[in-house]
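For reference, the structure is listed below as structure tokens.
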Amino acid sequence: MGDALELWGGHECTVNRVGDRFFDQTVRSGHQDRLSDLQQFADLGVKALRYPVLWERVSPERPDQYDWRWSDERLGELQILNVRVIAGLVHHGSGPRYTHLLDEGFAPGLAAHARAVAERYPWIKDWTPVNEPLTTARFSALYGHWYPHARDEGAFFSALLNQIDAVRLSMKAIREVIPDARLIQTDDLGHTFATPPLEHQAAFDNERRWLGWDLLTGRLAPGDMMWRRMAEHGLEARVAALVADPCPPDVVGVNYYLSSERFLDHRADRYPLHCRGHNFEQSFADVEAVRAVAPGPMGIERLLLATWERYGLPIAITECHNGCTRDEQMRWFAETWDAAQHLRARGVPIQAVTAWSLLGAFDWNRLLTVDDGHYEVGVFDIRAPEGPRPTAMAALCQRLAAEGSDATSMPRHPVMAGPGWWSRDIRYIYEPVRLANPRGRRSWRHHGGAQARPILIAGASGALGQALARACEHRGLPFVLTDRRELAIDDISAIEIALQRFDPWAVVNAAGFGRIDAAEAAPQACLDANAVAVEHLVEACDARGVRLVGFSSDLVFDGRSYRPYVETDAPNPLNVFGRSKALAEQAMAVGADTLTIRTGALFSPEDEFDVAHKVVQALSRRQVFAAAGDLTVSPTSVYDLVEHTLNLLIDGERGIWHLANVGEITWADFARTLAVALHLDERLVQSVPASAFGWAAQRPAYCALGSARGVLMPTLDSAIAHYADVVRPRLAPAQAPSLHPARTARRRVAESALYEPKSFAATGA
């Protein structure tokens, strides 16, 4: 089909208003002050960049006052980098303080801003005056989440018509300056499924989803459902005027997320309260279709085809993002790319797939209504102190941009061989509802063609090895979990045989000598298992070009610090176990492709030997539990540790990384905090000095961990809360009836997999 499929990009640039507060994602991501980001974007191979020249940012106080300094510098740099700009003028916003979506001056005001931007940058050919007008109207005027916080259907239609009129007037103003300017009109596109009593509501939703594009293309007629509905609110004259003077997009921009497709169930009591809504006539639950519908949602390919059949216009996928683990992000983006390629082969003019959002996003899990600091990683991870860190998504984008139309035949990262969670039974949070299978609808399918080389995990007998295996299984990552019979890491021949047999792309070493006090009586055994064995692994993995991950400990430090230790701090262990780990770090440092994870003492609901379990056992039996009150540590959730370890492994990170839950606490206070979280009696925790335990191995008085490379882990409070959520039902068994029985022990990664834009429960018509 002529030109190759293009890679576009965009950083999350929303400026939305809640009450009197404006939430600016460009500021929150740090892109506001990092011109160097643009070079990193260009290095991905993007042909075009969706980029903000937002009304709220250029003229925040008065419409006749412009501040071009930020835009001048950034847009000038993009010209130098030879990256096309798709200029956005309002992105989920309501305009500056002096206007809003229900203001009759909104449309002419935005048009005046558009003319000013076009006159300032006449070389920009592609424009999106209003991003997602239908979605923004719903969130601002139907559900009341954003300013002006209206909650009725008439206000919703008025807000939408104001935005569509703003697009039309803006493009007229732009084309008076730039005659060949193109309109790239974006909106979220999904599909609504429903149980039979709510089929009328689903039919309404499925017609309403097209309304923004229908108004721009002039497709509406007086007899149409949406025309009649708007006429009921006294808006027929406005609709007729818009339809009579259409402004069809040059490119229809489809934004699609795993949460874009919805399922309405009249049996609302089967679902949690936050999923329940109504249409003023019926109450129902509104949940993500991927979590409840069998055999599966429509999927991006069917929705793109429906868009082409409806409008016959060129299409671009203008947002493609999955707020999940790295491997799932890559699978989602690659599946979308492959779907676009498949449709192009059938003659559908799909022009581009957009990597969105390049720098990640903040607080979309709360629909940008609060500043909670919830961050989901994009193509780059902004938490590195030296600037955005390219993740494995960056390498995938570069590969797809370079491969063009041959992308599906090229090798990809090994972790992409398996299907995404949305294609597996773990997707069901709720009892699956089997609906009739409309013609052409398919279950989710995986398009990847990579060879399924596994991750080889050493340490089947330990809690960490078991946790790594569970995480790999849950994430669909091929793995082999070995014990000493299959892989004795202190035997170089056994290592070479295992590497030959399993042909892994990576080895994760979770084996070794872990008994801190026993190591004092058996120093050589500890050194052999923790240091010499690592030397053998490094040698064997280097010989085969295999990545190697190992784990170290906070006990490599002497405790003389007064602030959390970071990766560059020099080890000075106080005991044999610490010395063995310090030597292992040295052995890993000479490897060609190694990653060392330093972490704190681990706790997990599945480990019957860790401190947390001992606390729970004692307090639940009303027994006193003694804990050191003079040792400060960073207890670390195994769940969080393994998820971020696998992400760093997939990203290709090297060297030493600290992964510990954020926070420092004494062991006595840790026990008390656990007690409070589990509704146990914290008064049974007795704080004693470490010397009272008679330990053979000396412990550092302070070994809290921080990071100079990027704070990736959740807070300790969050980890303890999650631990308590899992353990509490075991103390007093109870199960919420709305959850699918197989999902009651779901791990946090799956529960948060839909923390991404458009994940919401609808209320209203």
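The values are calculated or read from the model by the stated rules, or taken from the named source; none is laboratory data. Keep in mind it's a predicted model, so treat the numbers as computed, not measured. Note: ideal-geometry Cβ built from the backbone for every residue, glycine included; neighbour counts use all protein chains shown.
Scanning the range 550-579 for residues that are charged (D, E, K, R) and either in contact with a Gly (Cβ under 9 Å, 6 or more places away or on another chain) or part of a loop (DSSP other than H, G, I, E, B) (or both) gives 554, 558, 560, 563, 567, 569.
Of 696, 677, 628, 618, all but one fail to be within 23 Å of residue 564 (Cα to Cα) and either in contact with a Gly (Cβ under 7 Å, 6 or more places away or on another chain) or at pLDDT 95 or above (or both); the exception is 628. Residue under question is residue 151, and the condition is that it be surrounded by 20 or more Cβ atoms within 10 Å (Cβ to Cβ), among the basic types (Lys, Arg) and either farther than 15 Å from residue 171 by Cβ or assigned by TED's automatic domain parsing to the domain that holds residue 78 (or both); does it hold? Against the criterion (surrounded by 20 or more Cβ atoms within 10 Å (Cβ to Cβ), among the basic types (Lys, Arg) and either farther than 15 Å from residue 171 by Cβ or assigned by TED's automatic domain parsing to the domain that holds residue 78 (or both)), residue 151 does not qualify. Filtered by the rule that a residue be under 27 Å from residue 31 (Cβ atoms) and polar (S, T, N, Q), the range 312-368 gives 318, 322, 325, 329, 336, 351, 354, 357, 365. Does the range 490-510 include one or more residues that are crowded, with 23+ Cβ neighbours inside 10 Å and at pLDDT below 95? No, because not a single residue in the range 490-510 is crowded, with 23+ Cβ neighbours inside 10 Å and at pLDDT below 95. Output the residues belonging to the range 326-372 that are of a type in the set (Val, Ile, Thr) and at pLDDT 95 or above. 336, 348, 350, 353, 354, listed by residue number. Entry remark, the range 174-233: residues being touching a residue at least 24 places away in the same chain (Cβ under 8 Å), in contact with a Phe, Trp or Tyr (Cβ under 8 Å, 6 or more places away or on another chain), small (Gly, Ala, Ser) and not in a helix (DSSP H, G or I) number 3 in total.
Taking each residue of the range 595-608 that is closer than 16 Å to residue 633 by Cβ and looking for partners that are surrounded by 24 or more Cβ atoms within 10 Å (Cβ to Cβ) and among the charged types (D, E, K, R) with beta-carbon atoms closer than 8 Å, six or more apart or interchain, yields 598/554; 599/554; 600/554; 601/554.
Taking the criterion of being within 22 Å of residue 138 (Cβ to Cβ) and more than 33 Å from the chain's Cα centre (by Cα), the residues of the range 84-104 that qualify are 103, 104. Only one of the numbered conditions (1) in a helix (DSSP H, G or I); (2) over 30 Å from residue 515 (Cβ atoms); (3) at pLDDT 50 or above is violated by residue 742, and that is (3).
Of everything in the range 611-648, what is in contact (Cβ under 8 Å) with a residue 12 or more places away in the chain and surrounded by fewer than 18 Cβ atoms within 10 Å (Cβ to Cβ)? Give them in sequence order.
The answer is 620, 622, 623, 624, 626, 630.
Every condition in (1) out of contact with any strand residue (DSSP E or B) (no Cβ under 8 Å at 6 or more places or on another chain); (2) surrounded by fewer than 17 Cβ atoms within 10 Å (Cβ to Cβ) is met by residue 278 except one, and the failing one is (1). Screening the range 100-119 for residues that are surrounded by fewer than 20 Cβ atoms within 10 Å (Cβ to Cβ) and in contact with a helix residue (DSSP H, G or I) (Cβ under 6 Å, 6 or more places away or on another chain) and picking the one that is farthest from residue 15 (Cα to Cα) gives 119.
For residue 3, the requirement of being within 30 Å of residue 338 (Cβ to Cβ) and over 22 Å from the mean Cα position of the chain (by Cα) is met. Take the residues in the range 246-265 that are in a loop (DSSP other than H, G, I, E, B) and of a type outside the set (Ser, Thr, Tyr); name whichever of them is surrounded by the most Cβ atoms within 10 Å (Cβ to Cβ). The extreme case among them is 258. Selection of the range 671-720 for residues being crowded, with 18+ Cβ neighbours inside 10 Å and either in the same structural domain as residue 390 (by TED's automatic domain parsing) or basic (Lys, Arg) (or both) yields 672, 699, 709. Taking the range 96-128 as the range and being among the hydroxyl-bearing types (Ser, Thr, Tyr) and either part of a helix (DSSP H, G or I) or over 18 Å from residue 150 (Cα atoms) (or both) as the test, the residues that pass are 121, 128. Against the definition (within 17 Å of residue 135 (Cα to Cα), in contact (Cβ under 8 Å) with a residue 24 or more places away in the chain and either assigned to a loop (DSSP other than H, G, I, E, B) or in contact with a strand residue (DSSP E or B) (Cβ under 9 Å, 6 or more places away or on another chain) (or both)), how does residue 290 come out, yes or no? It is false that residue 290 is within 17 Å of residue 135 (Cα to Cα), in contact (Cβ under 8 Å) with a residue 24 or more places away in the chain and either assigned to a loop (DSSP other than H, G, I, E, B) or in contact with a strand residue (DSSP E or B) (Cβ under 9 Å, 6 or more places away or on another chain) (or both).
For the range 502-527, a residue qualifies if it is without any contact (Cβ under 8 Å) to a residue 40 or more places away in the chain and touching a strand residue (DSSP E or B) at 6+ places or on another chain (Cβ under 9 Å), but none of them does. Scanning the range 36-83 for residues that are hydrophobic (A, V, I, L, M, F, W, C) and more than 26 Å from residue 353 (Cβ to Cβ) yields a total of 4.
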